[in-house]
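Take a look at the structure below.
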Amino acid sequence: MLVLVAPGQGAQTPGFLTPWLELPGAADRLGAWSDAIGLDLAHYGTQADADAIRDTAVAQPLLVAAGLLSASALGEVAPSAVAGHSVGEITAAAFAGVLDDAAALGLVRKRGLAMAEAAAITETGMSALLGGDPETTIPHLEKLGLTPANVNGAGQIVAAGTMEELAALEADKPEGVRRVVALKVAGAFHTHHMAPAVASLEQAAAELTPADPKITYVSNKDGQAVATGAEVLSRLVGQVANPVRWDLCMETFKELGVTALVEVCPGGTLTGLAKRALPGVKTLALKTPDDLDAARELIAEHAA
């Protein structure tokens, strides 16, 4: 049983799309998407520096475009389930047939702009905590005024809040936490700081007509499968100001009997978590087109 997953913000690196644009038709497809959303995806994916692609309004459409482009390069894929981390949920919604590619990219463009605007109100950020026990870590974060914005499983929680609150965390780590690593994101996503973006997304979502998922769609909100397109869209709107529960998504993968996990470009983050939290599940991350043949072999062995 195969699950196809899409990473979230912070997975992007300078030039990561360059080898993908050498594939037949890829540059034309990316160009058409760029024209549709008013953002030069090819430039940002091949030439822009780390600071430029850290911009929320750029990073989010870039990640969804990369996920869609790399998945299409695999050819016909029949996963039993799909999921995405944070903005990757929009990529997953396209995989499940809830949104077509154009609608997914239009929505993520509006999402990125709305979240960038919300992030500009107060200087905020996110930091990953490595190690520790959630039962100890989460109360400690809340004591410091921080939100456990991503509960990722495999011993990783991401804290979000103001820069002052994150500095206090550096000086006062929860018991058992080995390291605190600042993430390459430009705001406290999945917290109350993003509440202003929700209204903008509600307006954008009202213009869409989602279809019901053709594949099991596992939601960040609670790790549960969502049966209707309307509910998927509602959750996509609400999740910008609510925590990502990737730990619960992985629990659902276990319950579904997943035997293999393929992470679309820029893969690596979610396969790393799966290797620690889902022993026995085969994993593969699409980083460059050189990974396509191995991914196809894994898909052939494990797809429904």
Next on the checklist: With the crude spin-label approximation of a point 7 Å out along Cα→Cβ, what separation in nm comes out for residue 133 versus residue 199?
Outcome noted: 4.3
Item to check | Taking the convex hull of Cα positions in the chain, its mean projected area over all directions (nm²) | outcome: 14.1
Item to check | Over region 20-108, relative contact order from alpha-carbon pairs under 8 Å, at least 6 apart, % | outcome: 27
Next on the checklist: For the chain, give me the percentage of DSSP beta bridges that are antiparallel, rounded to the nearest 5 percent.
Outcome noted: 55
Checklist outcome for this item: Gyration tensor on Cα atoms of region 58-164, a ≥ b ≥ c root eigenvalues, a/c under 1.5 rounded, else prolate if a/b beats b/c, else oblate, says oblate
Item to check | Under-5 Å amide H pairs with residue 285, H placed in peptide plane, nonlocal only | outcome: 263
Checklist entry - Which whole-number value in Å² is the accessible area per residue of region 219-302, probe 1.4 Å? => result 43
Checklist entry - Can you list the GluC sites (Glu not before Pro) in region 158-247 that are in a DSSP coil and have 12 or fewer other beta carbons within 10 angstrom? => result 175, 207
Checklist entry - By how many nm would the segment from residue 13 to residue 171 grow when fully extended, if each residue of separation counts as 0.36 nm and the alpha-carbon distance is taken off? => result 54.0 nm
Checklist outcome for this item: By accessible area (1.4 Å), largest first, 269, 91 order as 269, 91
Checklist entry - Taking R0 as 35 Å, what's the FRET efficiency between residue 72 and residue 209 from their Cβ-Cβ distance, rounded to 0.05? => result 0.95
Next on the checklist: For region 70-201, what does the relative contact order come out to in percent, with C-alpha contacts under 8 Å and a separation of six or more?
Outcome noted: 29
Item to check | For region 196-265, convex hull of alpha carbons as volume per residue, Å³ | outcome: 109
Item to check | Restricting region 99-143 to GluC sites (Glu not before Pro) in coil, as DSSP defines it, with at most 15 other Cβ within 10 Å | outcome: 123
Checklist entry - For the chain, which whole percent of the accessible surface, found with a 1.4 angstrom probe, sits on carbon and sulfur atoms? => result 50
Item to check | Distance cut-off 18 Å, percentage of C-alpha pairs in region 169-304 lying past it | outcome: 68
Item to check | Distance between modelled label sites at residue 290 and residue 122, nm, 7 Å Cα→Cβ extension | outcome: 4.5
Item to check | Within region 208-240, trypsin sites (Lys or Arg not before Pro) in DSSP loop having at most 14 other beta-carbon neighbours inside 10 Å | outcome: 214
Item to check | Amide H contacts under 5 Å for residue 185, placed H, 5+ residues apart | outcome: 126
Checklist entry - Can you give the charge dipole size of region 134-280 about its Cα centre, rounded to the nearest 20 debye, using +1 on the beta carbon of Lys and Arg and -1 on the beta carbon of Asp and Glu? => result 440
Checklist outcome for this item: Dividing the helical contributions, -39500 (n - 2.57) per DSSP H run of n ≥ 4, by the residues of the chain yields a 222 nm value, nearest 500 deg cm²/dmol, of -14000 deg cm²/dmol
Next on the checklist: So, for region 112-176, what is the accessible surface per residue at a probe of 1.4 Å, expressed in square angstrom?
Outcome noted: 43
Item to check | Probe 1.4 Å, protein heavy atoms only - accessible area per residue of region 48-87 in square angstrom | outcome: 25
Checklist entry - With the contact rule set at Cα under 8 Å and sequence spacing of 6 or more, what percent relative contact order holds for the chain? => result 25
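The values are calculated or read from the model by the stated rules, or taken from the named source; none is laboratory data. Since the model is a prediction, treat every value here as computed from it, not as a measurement. Glycine gets a Cβ as well: all are built from the backbone with ideal geometry, and neighbour counts include every protein chain shown. Remember, those area values only see protein heavy atoms, side chains included, never the ligands or the DNA or RNA. Shrake-Rupley method; radii C 1.70, N 1.55, O 1.52, S 1.80 Å.
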